[in-house]
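Asks: A single structure is presented below for examination.
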Amino acid sequence: MIEDFVAFDFETASGKNPCSLGMVEYKNGKKYREFYELINPEVAYFNPFAVQIHGIRYEDVQHEKNFAERWEEMIPFIEGKTLVAHNAKFDNSVLLYSLQRYGIELPQFNSFCTLQRARKLLRLPSYKLSSLANFFEVPQFHHHNALEDAFVCGELFLKLNRVEQELELQQEHGVEFPSSYLDWIAEKQGQNVQIRRKALASFSQLFGGIRFVISGNFQNFSRTEMQKIITQNGGRVTGSVSGLTNYLVCGTEPGQAKLGKARSTGTKVLSENEFLKILQVL
């Protein structure tokens, strides 16, 4: 279970132009340190809808440092870290856009999304950050403050990891564990919330509709065999990495262009061993 990570959240003036960033680093499952700063997006237009949500106006940030000037403060939270966000596709896109805009080299990091994870593990009427915070009883006082949203995201990631871990244990041992975290969730919402206990019992349920790209040479499968495993169980294999790709599975000597594209799009990269572990769990 991942316990060392950085939860982060951007608020934007308009489009992918950030006006604030909150980051909370966790070590051994505990809050370790945090970062929060306003950012001058260097754009004149602030979307009125966005301002209504987060309350940050042009005059609040016009004298703040821009993204590039803040980068040295940010990089200790990003380089080589596991980054977690709620709707990570958006926050990753803001990060990547800002790096490209200012000509900053792309750092190495892994990415996870609490929105996607919650959708896989729970059945709820809403998967908004505030709704999940209420469900898991995570205190939240200033929704759409980037630092608080980052903290809530981090707490949700830990709780969702616990749900996923118990699902894996139950599937591995074939028994229901008494007084489990899953029981608390089931009791909390009754029949209206169904933990997807079968999600880990079937590859097709876990990866149905998910897009994979395969690159490199593999020890345990031929590429044709790997493609067959994925497609027969609900996944989709494409030839190139795009913003729609969920996973790039890499063997030895993977294509560098595909790796670079995966980094730039925030696509999760799996090694052959990681892919095997998924199969072993299932």
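The values are calculated or read from the model by the stated rules, or taken from the named source; none is laboratory data. In this text the structure is predicted, and so the values were computed from the model without any measurement. With ideal geometry, Cβ positions are generated from the backbone for all residues, glycine too; neighbour counts draw on all protein chains shown.
Asks: Please go through region 64-118 and give me each residue that is part of a helix (DSSP H, G or I), closer than 23 Å to L259 by Cβ, touching a strand residue (DSSP E or B) at 6+ places or on another chain (Cβ under 8 Å) and charged (D, E, K, R), ordered by number.
Replies: Those that are part of a helix (DSSP H, G or I), closer than 23 Å to L259 by Cβ, touching a strand residue (DSSP E or B) at 6+ places or on another chain (Cβ under 8 Å) and charged (D, E, K, R): K89, D91.
Asks: Another question, then. Taking region 207-234 as the search range and keeping residues that are farther than 16 Å from V269 by Cβ and of a type in the set (G, A, S), which one is farthest from the chain's Cα centre (by Cα)?
Replies: Once the filter is applied, the top-ranked residue is S222.
Asks: Checking the condition over 17 Å from the mean Cα position of the chain (by Cα) and surrounded by 17 or more Cβ atoms within 10 Å (Cβ to Cβ), which residue from V84, V152, V138 passes?
Replies: Numbers: V84 fails: over 17 Å from the mean Cα position of the chain (by Cα); V152 fails: over 17 Å from the mean Cα position of the chain (by Cα).
Residue meeting the stated conditions: V138.
Asks: Before we move on, is Y36 touching a residue at least 40 places away in the same chain (Cβ under 8 Å), at negative phi, buried (at least 17 other Cβ atoms within 10 Å of the Cβ) and aromatic (F, W, Y)?
Replies: Working: touching a residue at least 40 places away in the same chain (Cβ under 8 Å): yes; at negative phi: yes; buried (at least 17 other Cβ atoms within 10 Å of the Cβ): no; aromatic (F, W, Y): yes.
Against the criterion (touching a residue at least 40 places away in the same chain (Cβ under 8 Å), at negative phi, buried (at least 17 other Cβ atoms within 10 Å of the Cβ) and aromatic (F, W, Y)), Y36 does not qualify.
Asks: Based on what the data block shows, is F5 surrounded by fewer than 21 Cβ atoms within 10 Å (Cβ to Cβ), among the aromatic types (F, W, Y) and at pLDDT 95 or above?
Replies: Working: surrounded by fewer than 21 Cβ atoms within 10 Å (Cβ to Cβ): no; among the aromatic types (F, W, Y): yes; at pLDDT 95 or above: yes.
In short, no.
Asks: For region 39-54, state whether one or more residues are surrounded by fewer than 15 Cβ atoms within 10 Å (Cβ to Cβ), within 29 Å of A133 (Cα to Cα) and touching a residue at least 60 places away in the same chain (Cβ under 8 Å).
Replies: Checking region 39-54: at least one residue is surrounded by fewer than 15 Cβ atoms within 10 Å (Cβ to Cβ), within 29 Å of A133 (Cα to Cα) and touching a residue at least 60 places away in the same chain (Cβ under 8 Å).
Asks: Tell me, which residue of region 191-208 that is outside any helix (DSSP H, G or I) and polar (S, T, N, Q) is modelled with the highest pLDDT?
Replies: Taking region 191-208 and keeping what is outside any helix (DSSP H, G or I), we get 193-202, 208.
Subset that is polar (S, T, N, Q): 194, 202.
Working: Q194: 50, S202: 43.
Going through the qualifying residues, I end up with Q194.
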